[in-house]
Each structure stands twice: as C-alpha cells, then as structure tokens.
Amino acid sequence: MESAIDTHLKCPRSLTRRIADDYQPPFPMFVARAGQDMRQVVMGYLGVQYVGEDNKPKALAALRRIVADFALPDGPGEHDLTHHTDAQGYDNLIAVGYWRDQDTYTRWLATPQVQEWWQSDERLSDGLGYFREVVCPRADQFETLYAFTEKLPGVGAIMDGISGEIQEHGYWGSMRDRFPASQTDRMAASGQLEIVEGTPGKTGRVVVKAHDNIALIRSGQDWVDADTQERKLYLDEIEPTLRDGMTFLRDNGQAVGCYSNRYVRYIDANGNFLDKSYNIGHWRSLDLLERWAESHPTHLRIFVTFFRVVTGLQKLRLYHEVSVFDAGNQLYEYINCHAQTGMMRDAVPSQG
C-alpha cells in the first residue's frame, strides 16, 4: 500500500497524521501522480453569466470563443465545460482549463487574441456577465482522490499517471493527510477577501483580492458508462442527497465558512447536458471545510450513502480534488456580474 504523498514530496513530519501506520482502509482508492517537473499548476474557471433564454445563444457563443482561445499555443492541457443556475436565478457557463505550469499559462494569457478579448470594452456592454477565477497551487498544495484509475478528469488529466492503492482515505481527516504540505503546515487562513477595484452590483469590472489558504474543492460524479442498475442507484439515492447538501452550501454556506458553492453539470459546446457533474466550492479555509464535512447533517448523509454503496460500484466514477493557495496565486475578476457572484458576496472594501 502506498502513501498518498508521492516520494519526492515527502519530508520529515512536524505534524502527525490522524491514523496509525498500520491503518487499513475499507476499500481501494487512488491518487494522481506527477513527476518532479510539475511544481505549480493553474486552474482557470472562466465564466459567462446571463439571465433569460433570449440571452442563451449569445452566452454560448461567448463560451465557444473562450474554448477557441484554449486551442491557441500554450493553451490548457485539459478543459471541460459546465452549466449551473445560481441562487439568484442567473445561468452560468464555465470553461475550466488546467495548465501544467504557470509559465505556460502566463504566455497564453499574454497572447493578444486572449488579452484583448478580456480587456475589450465590449465585455462591458454586450449584455452578459463574465468572470475569471484563476488559482495556482504548488505541487504540495493540492491532493486528489479517485475511485478509478483511467481517464482522470480535472487536474489528474495533466498529471503523469496514477498511484497504487493508497492508505490515507476512508476516515475523517484523510483529505488533509493527503496534502504534502500537511506534513509541516496547518494551512490556516489569514486575512479577508477585499474588493480592490470596482463596486459589486454596479456595471464594470470588480477585482477581489484573496487571502492565504483559501481552499477549493472539486468533487465529481460521472455516470456516462453506468448500467441501468447503477444509474438508478446514482440518480435515485446518491444524487438527491448530494444535491441537498450542495443546495444548502449554495444558499447558506456563508454561515459555515463557504464563500461560494456551485453544483455544475457538464455540457457540450452547444449547451447540451452530459451525464457528468461536479461541485465547485470555495472555502475560507481547509479546517472549515473539514468541520462541515465531519459534522453537518447534509454532508453526513452524503458520506453515509457513499459508504453504503461504494463497494458495489463498477461504472459510476467518483472523485475529488482539493487545493489551497497563497494569496498572490489567486485572481478573482468579475465583469457585469450580479453582486452575489463568486467571491464578491463575502468581500469587503479594501482599506488600503
């Protein structure tokens, strides 16, 4: 059995794990592996916001423009497209791109075709909202977990392979124990979200300055290849419980430390739904995410349901990735989005 922390990321521990060295997990799980050349990845959530079916064609055209730019030199090594409706009734389309290193992303971003489109005054006047939420964790600042070993989604798709069975899962605290940084760092949050440009709720651009150790979780479900019985199990038992938890965080997350929660469905470039989904959750800190996961009834129901069915799953693919970030390795920019979008809801005007 392997450790979730790869050999080249191990160091002498000053902080202990929650398990004994002879712990045996209840079922197999795996993590993505990458070589030592992967030092810092980029996760870019590039969104288009609209309200009303009349604006859907224009929003989809904007999404396709973003995807077309992904095909330029230095574009992401992996991307997917999603849709969700937020608590305010706005539709949101997101193109999510993953880059293997920050220099490649920086070159892509500086491409005139990309830079000019995002900076154009047309983004302020075309009747749509746009946002960019870009985060760059170091190799020791993210962890992954998969119930399968092939065709990894998300950040796993830009990594080099998959582990054998790993030890750190199946218990409260295992998420933290899979972080290489957890060997020496409690990854505590400090500071607050600050608005450093613009005014939420008014037209124009708003930039939110981040603080250290914001946590981001992407927790995914893929029932594309599930047979009739497994599909029914997911759609009738797992998904309703999951949706209840995600809706709670969307509507009430502020009280428990969740800055933003989006339960999204994969789409194709024409907006058609695919049989895959995931949650995108930004949290003030990893410990607040852990506290909710370990104690809140909405997540306990998800956890109990998963443990009850996991050993019988054959084609249903479940996974997650969790990251934390230094303040300077995050960008949150919103253009003509409503004031509750993303990180704007909990940001305060800058005092600087």
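Skipping prolines and chain starts, which residues have an amide H placed within reach, meaning under 5 Å, of the one on residue 78, given they are 5 or more residues away or on another chain?
Placed amide hydrogens put 98 under 5 Å from residue 78.
If one computes the Cα centroid of the range 118-160 and of the range 321-352, what distance in Å separates the two points?
The range 118-160 and the range 321-352 have Cα centres separated by 15 Å.
Is there a quick way to get the dipole size of the range 218-352? I mean about its Cα centre, with the Cβ of Lys and Arg at +1 and of Asp and Glu at -1; what is the value in debye to the nearest 20?
Details: 15 positive and 18 negative charges, 34 e Å.
Its charge dipole is roughly 160 debye.
State to the nearest 20 debye the size of the charge dipole of the chain about its Cα centre, where the only charges are +1 on K and R beta carbons and -1 on D and E beta carbons. Before the final figure, lay out each step's value.
On the way: 37 positive and 49 negative charges, 87 e Å.
Here the size comes out at about 420 debye.
Can you put 323, 3 in order of Cβ neighbours within 10 angstrom, beginning with the fewest?
Details: 323 23, 3 17.
Starting with the residue having the fewest Cβ neighbours, the order is 3, 323.
Taking the mean number of other Cβ atoms within 10 Å as a proxy for protection, how do you rank 200-206, 143-149 from highest to lowest?
With the highest mean Cβ count within 10 Å placed first, the list reads 143-149, 200-206.
Most exposed first by the Cβ proxy, i.e. fewest other Cβ within 10 Å, how do 277, 14 rank? Can you show the working numbers first?
Working: 277 22, 14 8.
The order, fewest Cβ neighbours first, is 14, 277.
Comparing 180, 28, 73, which has the greatest mean-square fluctuation in the GNM of the chain with Cα pairs linked when under 10 Å apart?
Its mean-square fluctuation being the largest, the pick is 73.
Which length gain, in nm to one decimal place, applies between residue 235 and residue 162 when the Cα-Cα distance is subtracted from 0.36 nm times their residue separation? Intermediate results must be reported in sequence, preceding the final value.
Working: separation 73, 0.36 × 73 = 26.28 nm, distance 2.81 nm.
So the chain would gain 23.5 nm between residue 235 and residue 162.
Give me the three principal axis extents of the range 22-131 from the C-alpha atoms, as integers in angstrom, largest value leading.
The Cα atoms of the range 22-131 stretch 60, 34, 17 Å along their principal axes.
If the cut-off is 28 Å between C-alpha atoms, which lysines fall inside it for residue 202, apart from same-chain ones fewer than 8 positions away?
56, 58
If each DSSP helix of 4+ residues adds -39,500 (n - 2.57) and the sum is divided by the residues in the chain, what number results at 222 nm, nearest 500 deg cm²/dmol?
Numbers: 9 runs with 84 residues, N = 352.
Mean residue ellipticity at 222 nm (helix-derived): -7000 deg cm²/dmol.
Just order 111-121, 91-101 by mean Cβ neighbour count inside 10 Å, highest at the front, would you? Could the numbers behind the result be given before it?
Values: 111-121: 12.2, 91-101: 22.1.
With the highest mean Cβ count within 10 Å placed first, the list reads 91-101, 111-121.
In degrees between 0 and 90, to the nearest 10, how far off the longest principal axis of the chain does helix 286-295 point, with axes built from Cα atoms?
On a 0 to 90 degree scale, this one is about 60.
Going by alpha carbons, how many degrees (0 to 90, nearest 10) lie between the helix axis of 239-252 and the longest principal axis of the chain?
That works out to roughly 50 degrees.
Taking K and R as +1 and D and E as -1, what net charge do the other residues with C-beta under 11 Å from the C-beta of residue 51 add up to?
Values: positive: 56; negative: 53, 54, 86, 91.
Neighbour charge sum, excluding residue 51 itself: -3.
Long-range amide H contacts for residue 169: which residues qualify at under 5 Å (H placed 1.01 Å from N, peptide plane, sequence gap of 5 or more or a different chain)?
none
For the chain, find the longest principal axis of its Cα atoms and tell me its angle to the long axis of helix 56-70, 0 to 90°, nearest 10.
Orientation of helix 56-70: about 70 degrees from the principal axis.
Largest first and in whole Å, what are the equivalent-ellipsoid semi-axes of the range 202-332 based on the Cα gyration tensor, each being the root of 5 times an eigenvalue? Before the final figure, lay out each step's value.
Numbers: eigenvalues 161, 71, 34 Å².
The three semi-axes for the range 202-332 are 28, 19, 13 Å.
Tally Lys/Arg at +1 and Asp/Glu at -1 over every other residue whose Cβ is under 12 Å from the Cβ of residue 178; what's the total? Mind dumping the intermediate values first?
Numbers: positive: 17, 18, 176; negative: 2, 6, 140, 143, 168, 177, 321.
Cβ neighbours under 12 Å give a net charge of -4.
If you find the alpha carbon centre of the range 168-239 and of the range 32-67, how far apart are they in angstrom?
Taking the Cα centre of the range 32-67 as reference, the centre of the range 168-239 is 16 Å away.
Sequence neighbours fewer than 8 away in the same chain don't count; with that in mind, list the lysines whose C-alpha is under 19 Å from residue 315.
Leaving aside lysines fewer than 8 places away in the same chain, those within reach of residue 315 are 151, 232, 276.
Using square roots of five times the C-alpha gyration tensor eigenvalues, list the equivalent-ellipsoid semi-axes of the range 100-194 in whole Å, biggest first.
Numbers: eigenvalues 235, 72, 38 Å².
Each semi-axis is the square root of five times an eigenvalue, giving 34, 19, 14 Å.
Bear in mind that the values in this text are calculations on the coordinates, not laboratory data. Note that the coordinates shown come from a computational prediction; the quantities given were computed from them, not determined experimentally. As a convention, Cβ positions derive from the backbone with ideal geometry for all residues, glycine included, and neighbour counts pool all protein chains shown.
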